[in-house]
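One structure is given here, and the rest of the page talks about it.
Laboratory data are not the source of any read-out in this text; all were calculated from the coordinates shown. This is a predicted model, so every value here is computed, not measured. Positions of Cβ are backbone-derived with ideal geometry, glycine not excepted, and every protein chain shown enters the neighbour counts.
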Amino acid sequence: MIYRIAQPADWQQAQETGFFASADLVAEGFIHASELGQVLETARLYYRASPGTVLLELDEAVLDAAGVRVEREWAAGRQAWFPHLFGAIPLMAVRRTWPFPVDAAGAARLPLVLK
């Protein structure tokens with residue numbers, strides 16, 4: 001599984017269209033995602049003061065079957081490989097979701113089932 005922190009407006013739009021997309025897909029040509037062990041640091045760095053965010057658990061096999069290419073690419077600033085998704089995410093690839101509030105300091109908690 002791979003993970004994406006979703007802003008409320010993007011997640012709401014996905015509910016209406018059947019596909020999750022975010023501004024990074026248009027701006028960079030892919031959707032940023034994280035491995036489970038990277039989620040909390042991603043929240044701290046990029047989602048501070050985001051009380052309404054949602055954590056999406058994505059099934060990589062379903063993404064592949066739907067034609068969404070996933071590539072792990074090196075992020076020099078974080079010194080780690082991150083999954084990048086080259087296309088909108090069909091909702092059938094979203095295995096589970098959780099409310100994922102991130103406080104002003106960037107602190108968030110993983111759902112208990114993921115620990």
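So, of the residues in region 19-38 that are of a type outside the set (A, V, I, L, M, F, W, C) and assigned to a loop (DSSP other than H, G, I, E, B), which turns out to be surrounded by the most Cβ atoms within 10 Å (Cβ to Cβ)? Before you say what the answer is, go through the steps one by one.
Of region 19-38, the ones of a type outside the set (A, V, I, L, M, F, W, C) are 22, 24, 28-29, 32, 34-35, 37-38.
Among the residues that remain, those that are also assigned to a loop (DSSP other than H, G, I, E, B) are: 22, 29, 35.
Details: SER22: 21, GLY29: 10, GLU35: 15.
This residue is SER22.
When you go through VAL39, VAL102, VAL54, VAL68 one by one, which is the residue that is hydrophobic (A, V, I, L, M, F, W, C) and touching a Leu at 6+ places or on another chain (Cβ under 6 Å)? It would help to see each step written out before you state the result.
Details: VAL39 fails: touching a Leu at 6+ places or on another chain (Cβ under 6 Å); VAL102 fails: touching a Leu at 6+ places or on another chain (Cβ under 6 Å); VAL54 fails: touching a Leu at 6+ places or on another chain (Cβ under 6 Å).
On inspection, the qualifying residue turns out to be VAL68.
For region 81-115, how many residues are under 15 Å from GLY37 (Cβ atoms) and under 16 Å from the mean Cα position of the chain (by Cα)? Write out each step before concluding.
At the first step, the residues of region 81-115 found to be under 15 Å from GLY37 (Cβ atoms) are 81-83, 108-111, 114-115.
Next cut, under 16 Å from the mean Cα position of the chain (by Cα) only: 81-83, 108-111, 114.
Residues that pass the stated criteria total 8.
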